[in-house]
Amino acid sequence: MAVIVKYVVERNGVERMTFTSKKEADAYDKMLDVAEALEGMLEKVDVPLSEQQVESLALEIAKQKDDFMAILKGGKVSTKKDSEEKPTSKKGGDDKVTAIKQA
């Protein structure tokens, strides 16, 4: 018989997610805290959003908080397209060759 430790993230008496790692459970709980704080901010905006839209938007922003923070600080967020177009360098003298972008 095996013993399995599970970490349950619960919010307002509702089980949200179960993890096998405390680190993952803590990270998810922190993300939910951020989403909850964002909901309060989004409810104050002068854009008509339903309660469900506010909740969904807050959760998505919280999931991508690092990208949002980079943009808010004036940086740029790399996308999959950006990373695919970056030339790669290889050993053997090819590091001065730039990949040609196809239209």
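Starting from 0.36 nm per residue, how many nanometres of slack lie between Met17 and Leu72 once their C-alpha separation is accounted for? It would help to have the intermediate numbers written out before the result.
Working: separation 55, 0.36 × 55 = 19.80 nm, distance 2.96 nm.
Full extension from Met17 to Leu72 adds 16.8 nm.
According to a simple spin-label model (label point 7 Å from Cα along Cα-to-Cβ), what is the distance in nm between Met1 and Glu24?
Output for this residue pair reads 2.5 nm.
All of the numbers you see were taken from the coordinates with simple rules; none came from a lab. Predicted model, so just to flag it, every value in this text is computed and none were measured. When we count neighbours, we look across all protein chains shown, and the Cβ atoms used for this are built from the backbone with ideal geometry, even at glycine.
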